[in-house]
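Here's the structure, in structure tokens; my notes come after.
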Ligand SMILES: Cc1cc2nc3c(=O)[nH]c(=O)nc-3n(C[C@H](O)[C@H](O)[C@H](O)COP(=O)(O)OP(=O)(O)OC[C@H]3O[C@@H](n4cnc5c(N)ncnc54)[C@H](O)[C@@H]3O)c2cc1C
């Protein structure tokens, strides 16, 4: 029987990045993906004729340019286009826009508060400082602080030196920033509700925390540390939807000789003598591999795909306690024309950016209260974009794809499973909110895909529908991600590795977990990593 | 009711997104003179690099009278019983010594003693001041004002400004009918009637030459421009762009925020922060006056010799400007960077402003060199030229301070 050099469970973007790097190092790699398509949470499917959705993730910034280059993704069709800022609509019929032009941005804020308008530079300086601290850590394996291996000591020293380079005041600020709430952080700069709400959204996206929960300031950073072609903090659309990223990855993988099997769900990992030997597919077929890499989240991997008895119990307990609460849903809408927002001037660039309707932190927090009570938010927070204003490939001319990311949606409704009626109620809360600001909106709808945590978990396999494969709180970051002692992509089982967003540096369409895991695997195999570019300098 | 009015004004202001570079109140006149159409972005305004010929515009400053639009400069009105005490608390110099009708060139720091900006402080009355600067500081000013009976209001758009600089600038103002302007000594200011209102004229400027700055409410800006241009016609008044002014300021040895140093609220890299003593503004610090922002840190840095940089004037051999050149000690050790450089027509020397790592430029001033990369027809000519630390200003013009001012 053939034994692959490596089997990657899951064709999410991290699984594909990992597989690409391993294949290019000369390994014979198989990717097994349960769905009939690849991409995981970075996928674009045509569910109604002529319209391509970004079914889960919808905007791109975090995906590391080093990876795009190494894997020749432009050659395989990947293009990322920057977009203009966006806006928060206010309940009094106005809006607060974010313009790319620095002075237009200031003037816009000055419409609400002259003081806040002039506070932006200091805010931006401080966030940028935090960003520059964390950025170089993304493409490095986190050190194991309990290890005495020279490499771990070296990495610890690197981390320690980065800290030591900070003044004691900066160090205090950094630690504070990593643990404080986004609401408190913003209070230090701004006074106006809508301006704070405008920045707070990045602190809560994808997390089961409210803007007043400690740890949300760091989540903001997670959304700020990406870039589009060197423009740090900028976001863009992948042309052809986020699926274009995984399509390019799959093409690059195949071009270098890799094999993908879709419609192939792994039932469990084959283990012999404490060592992973391959996988068993849902139909019972056994596929052998010298090593196995799991792109699925840490809970799915170790609680569903590996028998408990194979794992040390402290590890198991930590995996069970790993925070991976679902908090978000998604409504994808095909529109037969561009919706109008009477609050917006017709020639406003905001149509091409991200739009929001939650104009105060308090409203955000109330939306979170619903989540805590096990309900979807009656007045949800939306992150809404219309990528077809810039991307002609996703809908016929004049027609549009609208993506609505929705918070909050709990993994279970008051302790029970979601029902179809719940799902429809959830969708209605979203459509009602949009229609309030856009008369006639309902009439433009051609088709709609509604995804609660139930659908996200069932299709993508994200446990509880958590978009980051695990909460991005400080206790689950760096050398503690996913659990202490296993932050270096290895697992307690020899031959079984992890490469999904559950691992350092975490979720989002970033590719860094997949890449870093490949580097560790190649190190174990004593193979060269010369085909992997080091992280770009942060100077 | 008030909040509804606010909303209406707010909605009216939405359309700013269609004009990314605003015109100043003088824009119609400047546009009419803009033969080069060479614009740059000054704090969100469309400002001219040059209008017809930057070389000749420079000579207009030095030989006749040059009119430069300074409206985009940030301006704050600071008014109230405690205005003096407040400003004394936040700026470096002793504001209690600043009489009504006088102007101070000053700077202000954060609590760590790092420079937030430099600027000019105009005392318009015992209780009313105007603070002008390059960058914006409203949150900082408002936060610092807690506990003081003082109003801080941003008035950048409401108040237009003009600099009239050059040997005939006084004569132009006199001929324009500003009676009593001859009484203004350097750093004096006074109000003068204009077009049914009043304007403020100060004997200040950024050129090291005889010159004045005029502040006028936006709706009277054009009539002021016309008044000056008409009166100045026979005395060679010309409108100029920034490049000419920038040459004049360098000869005068003056620094520009975020060109010659990085302001504290913009410095992402913390090693770019500068104390006043590190950018040549140590003379402003008055340890004798009461507490002021950054005082403890500044005095501690002095006492513990923690000052790491120094800003100096350089004279560089030859005539090739050393813009952004690296400064070396003994041609090998990197010790600093030139932030501005030019051949000075007035001094007939190759001059520069540079920031050096102490002790270089401070106690070690021998054997300094700059490496100039001069691009000539797609080839770098690499030059290693000797640099000598020189006191600023590079030129001293008696006419700048002469009383009464001369006609030319
Ligand atoms: C609704 C939503 C919106 C988001 N929006 C954004 C955004 O705009 N921008 C952004 O950067 N990030 C966004 N994210 C986050 C981001 O998409 C994810 O963090 C990221 O895509 C996860 O990638 P991954 O490769 O680590 O894992 P996944 O994408 O979860 O990939 C795991 C793969 O494994 C497969 N799999 C699981 N179990 C098995 C099995 N037993 N056998 C075989 N295959 C299996 C799954 O089908 C899946 O393809 C969003 C996520 C969601 C859900």
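The sole residue among A:191, A:108 that is buried (at least 20 other Cβ atoms within 10 Å of the Cβ) and within 14 Å of chain B (Cβ to nearest Cβ) is A:108. You will find that of B:106, B:96, the residue that is surrounded by 21 or more Cβ atoms within 10 Å (Cβ to Cβ) and more than 19 Å from residue B:214 (Cβ to Cβ) is B:106 and no other. Each residue in the range A:498-539 was checked for being at pLDDT 95 or above and either in contact with a helix residue (DSSP H, G or I) (Cβ under 6 Å, 6 or more places away or on another chain) or part of a loop (DSSP other than H, G, I, E, B) (or both), and 27 of them qualify. Residue A:334: modelled with pLDDT of 95 or more and closer than 30 Å to residue A:84 by Cα, yes or no? Against the criterion (modelled with pLDDT of 95 or more and closer than 30 Å to residue A:84 by Cα), residue A:334 qualifies. As for the range A:235-253, it holds at least one residue that is at pLDDT 95 or above and more than 16 Å from the ligand (Cβ to nearest atom). For the range B:232-261, a residue qualifies if it is assigned to a loop (DSSP other than H, G, I, E, B) and either buried (at least 20 other Cβ atoms within 10 Å of the Cβ) or away from chain A (no Cβ under 14 Å) (or both), and the qualifying residues are B:236, B:240, B:241, B:252, B:253, B:254, B:255, B:256, B:259, B:260.
Condition check ((1) more than 24 Å from the chain's Cα centre (by Cα); (2) part of a helix (DSSP H, G or I); (3) more than 16 Å from the ligand (Cβ to nearest atom); (4) more than 14 Å from chain B (Cβ to nearest Cβ)) across all residues:
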position	(1), (2), (3), (4)
A:153	yes, yes, yes, yes
A:161	yes, yes, yes, yes
A:172	yes, yes, yes, no
A:197	no, yes, yes, yes
A:212	no, no, yes, yes
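Checked against (1) touching a helix residue (DSSP H, G or I) at 6+ places or on another chain (Cβ under 9 Å); (2) within 8 Å of another protein chain (Cβ to nearest Cβ); (3) within 28 Å of residue B:74 (Cα to Cα), residue A:92 passes all but a single condition, namely (3).
Scanning the range A:1-23 for residues that are surrounded by fewer than 24 Cβ atoms within 10 Å (Cβ to Cβ), within 16 Å of the ligand (Cβ to nearest atom) and part of a loop (DSSP other than H, G, I, E, B) gives no hits. The strands (runs of 3 or more DSSP E) found entirely in the range A:262-379 that carry 2 or more residues being away from chain B (no Cβ under 14 Å), under 22 Å from residue A:442 (Cβ atoms) and within 16 Å of the ligand (Cβ to nearest atom) are A:328-335, A:354-356.
Taking the range A:24-42 on its own, how many of its residues are more than 8 Å from the ligand (Cβ to nearest atom) and either closer than 18 Å to residue A:244 by Cα or touching a helix residue (DSSP H, G or I) at 6+ places or on another chain (Cβ under 6 Å) (or both)? Walk me through it before giving the result.
The initial filter retains those residues of the range A:24-42 that are more than 8 Å from the ligand (Cβ to nearest atom), namely A:24-31, A:36-37.
Retained after the next criterion (residues that are either closer than 18 Å to residue A:244 by Cα or touching a helix residue (DSSP H, G or I) at 6+ places or on another chain (Cβ under 6 Å) (or both)): A:25, A:29, A:31, A:36-37.
Counting residues in the range A:24-42 that are more than 8 Å from the ligand (Cβ to nearest atom) and either closer than 18 Å to residue A:244 by Cα or touching a helix residue (DSSP H, G or I) at 6+ places or on another chain (Cβ under 6 Å) (or both) gives 5.
Scanning the range A:435-479 for residues that are in contact with a strand residue (DSSP E or B) (Cβ under 7 Å, 6 or more places away or on another chain), in a helix (DSSP H, G or I) and more than 11 Å from the ligand (Cβ to nearest atom) turns up A:437, A:444.
Just to be sure before I move on: is residue B:301 touching a residue at least 60 places away in the same chain (Cβ under 8 Å), within 14 Å of chain A (Cβ to nearest Cβ), outside any loop (DSSP other than H, G, I, E, B) and buried (at least 19 other Cβ atoms within 10 Å of the Cβ) in the structure I sent? Criteria met by residue B:301.
As a summary of the residue check, residue B:78 satisfies the conditions (1) surrounded by fewer than 18 Cβ atoms within 10 Å (Cβ to Cβ); (2) under 16 Å from residue B:120 (Cα atoms) except for the one numbered (1). Of the helices (runs of 4 or more DSSP H) lying entirely inside the range B:1-74, those containing at least 1 residues that are within 14 Å of chain A (Cβ to nearest Cβ) span B:2-12. Sub-8 Å Cβ pairs linking a first residue in the range A:447-462 that is at positive phi to a second residue that is near the ligand (Cβ under 10 Å from one of its atoms), at least 6 apart or interchain, are A:461/A:10; A:461/A:34; A:461/A:40; A:461/A:296; A:461/A:297; A:461/A:300, ordered by first then second residue.
Would a scan of the range A:76-86 turn up a residue that is away from the ligand (no atom under 15 Å from the Cβ) and over 21 Å from the mean Cα position of the chain (by Cα)?
Within the range A:76-86, the subset away from the ligand (no atom under 15 Å from the Cβ) is A:76-77, A:79, A:84-85.
Next cut, over 21 Å from the mean Cα position of the chain (by Cα) only: A:76-77.
Scanning the range A:76-86 turns up at least one residue that is away from the ligand (no atom under 15 Å from the Cβ) and over 21 Å from the mean Cα position of the chain (by Cα).
Taking the stated definitions as given, is residue B:213 surrounded by fewer than 19 Cβ atoms within 10 Å (Cβ to Cβ) and outside the structural domain of residue B:393 (by TED's automatic domain parsing)?
Spelling it out, it is not the case that residue B:213 is surrounded by fewer than 19 Cβ atoms within 10 Å (Cβ to Cβ) and outside the structural domain of residue B:393 (by TED's automatic domain parsing).
So is residue A:63 buried (at least 23 other Cβ atoms within 10 Å of the Cβ) and over 30 Å from residue A:16 (Cβ atoms) or not? Here the answer is no, as residue A:63 does not meet what is asked. Listed conditions (1) surrounded by fewer than 19 Cβ atoms within 10 Å (Cβ to Cβ); (2) closer than 25 Å to residue A:19 by Cβ are all met by residue A:240, apart from (1).
The condition (being away from every other protein chain (no Cβ under 14 Å), over 21 Å from the mean Cα position of the chain (by Cα) and in contact (Cβ under 8 Å) with a residue 12 or more places away in the chain) is satisfied by just one residue among B:150, B:90, B:95: B:150. Is it the case that the range B:268-275 has a residue that's within 14 Å of chain A (Cβ to nearest Cβ), in contact with a helix residue (DSSP H, G or I) (Cβ under 6 Å, 6 or more places away or on another chain) and part of a loop (DSSP other than H, G, I, E, B)? Taking every residue of the range B:268-275 in turn, at least one turns out to be within 14 Å of chain A (Cβ to nearest Cβ), in contact with a helix residue (DSSP H, G or I) (Cβ under 6 Å, 6 or more places away or on another chain) and part of a loop (DSSP other than H, G, I, E, B).
The values are calculated or read from the model by the stated rules, or taken from the named source; none is laboratory data. Because the structure is a prediction, the values reported are computed rather than measured. All Cβ positions, even for glycine, are placed from backbone atoms using ideal geometry, and neighbour counts span all protein chains on display.
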